[in-house]
Amino acid sequence: MSSLHAQSAPPSGRSKHASKCVSAVWFAAIALLVLAACDTPGVTLIEPDVNAGPDSLTFSLHLEDSILADKLGWSAGVPDAVVMLHRIGEEFHPDSFRTDLTGSVTITGVIPGYYRIAAHRVLSGAESATAGTEVGAFGTGLKGQLSGSGSIELKLQSNQRGALVFSEIYPIEQMLTPNYQWFQYFELYNNSDTTLYLDGMIWGKAWHINMDFTTVPCNQTEAFRRDPLGIWAIFFHMFPGGGQEYPVEPGTAITVALDAVDHSVAHPAFPDLTRADFELEGGGDADNPDVPNMPQVGPRAWFRPHGLEVLLPDVIFLSQRVDPATLTRRHDAFTGEEWVLFPAELLLDVVSLHDGDAYADAKYTPCDAMVHPRFDRLEGGFVNTYFDTTTSIHRRMLHDPTSVVSIILHDVNASFIDLVSGPRTPGSVGR
């Protein structure tokens, strides 16, 4: 996509999921610009930009929160925001462009194809003071077919402080040592300004495009993959505790290991996870008696005996404390398995992960809406972890010196924006 370039556009005039059925993305198109996911909420058609010239796309960025836009003086559009395009099926190197003072950017030389489209803006300290809020950033993401000329309006969602969020994820794709891949871990960070308790919370894997149902037509799995009411899961673990045994202070993180042992014994590049805060319980894995276990409480145990593994692509979620027996259940028509619905009002965080591999893109594109945009607008976490033991997936950081929590983690319900790759650092957010 090196042929793409931008030109100046002419001026133009509680649970984080509980209370907002997000309008997802405002995506405008004409004739030859069509969204592949035609059921995406908030899709709007607008007239072409006749001033953009031939073979050009003009992106116009606005905030979903019009009151906040007025405060910032952004009623005409979001200035100095980044627009990213990645043509699906190509190596993952997105092209980036910046909007002008009116919140617009015109791009020429776009190769027709199916794209990941994302937009992002971080507030400066002065802008944060003007806004009078801890929002700090805005973003959005979607997938769409790009071809020809037209105008696209993107509505950016405000960053959500939330509560507990995934701060780092280290999946098990790494395979430097054959048949040894048990050094997975993930972190949860208290992004709020109050103490939270992990007791009885649920962590698990959602139904999505990597659940061995790729031969089933997409329209038949839609009810499970993209249910706006919640996340369907069959594999999940529960944090121990009866109420307030496992506190997480504001601005601190806890580490959950697949196996809380010293994996460097198997290979010096693998992490020592003996000091993890929790470990996943399996039917045949090593057990660290000093680390509390998280038992599997889903309808079925994971395929291998170490506990639930995070793979790429994947969707993982964190739910508030709940008894799974009280939740809605349904059997699928393909395997007869029983799935459990975690409703939106219980969900604290949902991220959808991808490895950026072109082969995986080609394989999963027919059903590539991993979850409903209410929970995640566009998958992210693009890091090819195969043979790489040094890089993990991190949530982007926002620093706010006026907050009780000096490090606020990025959460605009778009993993493409929220997540970045970085050095493996279990238990040390911000270091």
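Laboratory data are not the source of any read-out in this text; all were calculated from the coordinates shown. This one's a predicted model, so the numbers in the text were calculated from it and none came from an experiment. Please note: Cβ atoms are built from the backbone with ideal geometry, for glycine as well, and neighbour counts cover all protein chains shown.
Near the amide H of residue 337, within less than 5 Å, lie the amide hydrogens of 332, all on another chain or at least 5 residues away, with H placed in the peptide plane. Please state the shape class of the range 164-423: rounded when a/c is under 1.5, otherwise prolate if a/b exceeds b/c and oblate if not, all from the C-alpha gyration tensor. The shape class here is rounded. Maximal additional length on extending the residue 249-residue 362 stretch stands at 36.4 nm, based on 0.36 nm per residue less the C-alpha distance. When only the Cβ of Lys, Arg, Asp and Glu is charged (+1, +1, -1, -1), the dipole of the range 164-423 relative to its Cα centre reaches about 600 debye.
Between residue 330 and residue 275, the distance separating the two model label sites (each 7 Å from Cα on the Cα→Cβ line) works out to 4.5 nm. Report the label-to-label distance for residue 338 and residue 111 in nanometres (one decimal), using points 7 Å from each Cα along the Cα→Cβ vector. Modelled inter-label distance: 4.9 nm. Highest average first, the peptides 312-324, 78-90 ordered by how many other beta carbon atoms sit within 10 Å of their residues are 312-324, 78-90. Between residue 67 and residue 195, the FRET efficiency from the beta-carbon distance, with R0 = 30 Å, is close to 0.45.
One Cα centroid belongs to the range 98-130, the other to the range 273-291; the line between them spans 44 Å. The slack between residue 180 and residue 96, meaning 0.36 nm per residue of separation minus the straight C-alpha distance, is 26.4 nm.
Fewest-first ordering of 407, 169 by other beta carbons within 10 Å of each residue's beta carbon gives 407, 169. Taking the number of Cβ atoms within 10 Å of each Cβ as an exposure proxy, the fewest-first ranking of 334, 416 is 334, 416. By other beta-carbon atoms within 10 Å, ranking 376, 262 with the fewest at the front produces 262, 376. Here the contact order of the range 164-423, divided by its residue count and restricted to Cα pairs under 8 Å and six or more residues apart, works out to 23 percent.
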